[in-house]
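To start, the structure itself, in structure tokens.
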Amino acid sequence: MAYSYRTLTDALSRAGIDEPAYEASLLLERFAGVTYATLMTDRDRLYDATALETAVARRLTREPLQYILGEWEFYGCTFTVTPDCLIPRPDTEILVEAAIRALPKGARIADLCTGSGCIAVATLVHRPDVTADALELYPNTLALATENAARVGVSARFTPIKGDLLGNGVDLLSSRAPYDAILSNPPYIPTADIDALSPEVKQEPLAALDGGEDGLTFYRAILRDYAPLVRPGGHILLEMAYDQAEDLKRLAAEYLPMASVEILRDLGGNDRVTHITLPKD
């Protein structure tokens with residue numbers, strides 16, 4: 001089936017896709033080999049390519065656009081993305097930006113539940129003095145993170161570690177501690193809320209979404225078990241849901257009563273990152 005920019009936009013809109021014009025341009029650029037400038041010049045010109053038809057058919061089933069394209073931009077880097085990883089999102093850039101700003105010279109960081117590796121890799125790209133250990137449970141996902149580190153040229157400072165944050169991960173990292181910071185975008189959606197997610201999000205790895213009964217399972221483990229691996233005066237930066245700030249403050253007060261806590265907001269003005277700074281002594 002042939003599509004023009006206008007007809008593809010209409011088809012995506014009818015499928016309930018939020019930004020149909022934007023996605024139509026990306027699909028046509030990638031799979032029909034046409035430039036955005038050309039699309040804007042003639043919005044009714046038809047493009048007939050098998051790859052385009054296949055990609056559109058996938059998107060109309062609400063498969064995430066990022067998986068169809070096979071890559072996505074995050075903090076100035078292009079990452080390979082597959083169904084083995086959570087899709088990098090702009091809000092997570094708030095965490096990376098805070099890490100880049102807070103880390104001391106020559107810092108060592110641990111990125112827990114690294115997924116695509118976007119947090120650790122983007123931090124390394126913008127802080128060439130920093131090294132990272134990246135913990136991930138799933139081999140295919142860890143391989144993807146390793147590939148992304150190589151793709152942008154930071155492999156020498158990126159160490160992939162296969163381990164379970166809720167299990168053997170703390171023992172694996174203990175032998176490599178201390179760290180100047182722990183960074184993480186862990187699973188944080190309460191189990192009961194998974195069914196209400198959008199069709200696209202429900203096609204991302206469940207293990208990267210499900211944060212347990214109250215959505216706080218991974219935060220408890222990080223603050224209880226992994227915080228002791230951070231040097232005095234070091235940092236813990238955690239992405240969270242827009243409504244979890246008070247929960248994170250409470251957990252920080254319980255496990256790290258002498259630490260300071262700052263809540264950072266995302267591009268939409270919602271609470272998004274908890275920045276915990278440990279006492280210096």
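Points to keep in mind about this one:
- Residues of type aspartates and glutamates that Lys162 reaches as a straight line, Cα spacing below 13 Å, ignoring anything fewer than 8 places off in the same chain: Asp111, Asp133, Glu136, Asp171
- Close amide H pairs (under 5 Å, H built 1.01 Å from N) link Val230 with Tyr179, residues at least 5 positions away or on another chain.
- Counting protein heavy atoms only, the chain has 51 percent of its accessible area on carbon and sulfur, 1.4 angstrom probe.
- Among Val34, Leu12, Pro199 the positive-end extreme of the charge dipole of the chain (Cβ point charges): Val34
- All aspartates and glutamates inside 20 Å of Lys280 as judged from Cα atoms, apart from same-chain residues fewer than 8 positions distant: Asp180, Asp225, Glu254, Glu262
- Note on His126 and Asp195: with the Förster distance fixed at 41 Å, the Cβ-Cβ geometry gives a FRET efficiency of about 0.65.
- Estimated FRET transfer efficiency (Lys105, Lys202; beta-carbon r; R0 30 Å; 0.05): 0.10
- Within the chain, helix-based [θ] at 222 nm, where runs of 4 or more DSSP H residues each add -39,500 (n - 2.57), nearest 500: -10000 deg cm²/dmol
- Dipole axis of region 114-186 (+1 Lys, Arg; -1 Asp, Glu on Cβ), positive-most option in His126, Gly163, Ala181: His126
- Region 136-195: C-alpha gyration tensor shape, a/c 1.5 cut-off, then a/b vs b/c: oblate
- Additional length obtainable on full extension of the chain from Thr54 to Thr7, 0.36 nm per residue less Cα span: 15.3 nm
- Placing +1 on the Cβ of every Lys and Arg and -1 on the Cβ of every Asp and Glu, with no other charges, gives the chain a dipole of roughly 740 debye about its Cα centre.
- Across the chain, the convex hull enclosing all Cα atoms gives 129 Å³ per residue.
- DSSP assigns beta bridges within the chain; of those with both partners inside it, close to 45 percent run antiparallel.
- Remark: region 173-281 carries a charge dipole of roughly 540 debye about the Cα centre, counting +1 on each Lys and Arg Cβ and -1 on each Asp and Glu Cβ.
The values are calculated or read from the model by the stated rules, or taken from the named source; none is laboratory data. No experiment lies behind these values; they were computed from the predicted model shown. Backbone-built Cβ (ideal geometry, glycine too); neighbour counts: all protein chains shown. Heads up: the accessible areas ignore ligands, DNA and RNA and are worked out on the full protein's heavy atoms, side chains in. Shrake-Rupley method; radii C 1.70, N 1.55, O 1.52, S 1.80 Å.
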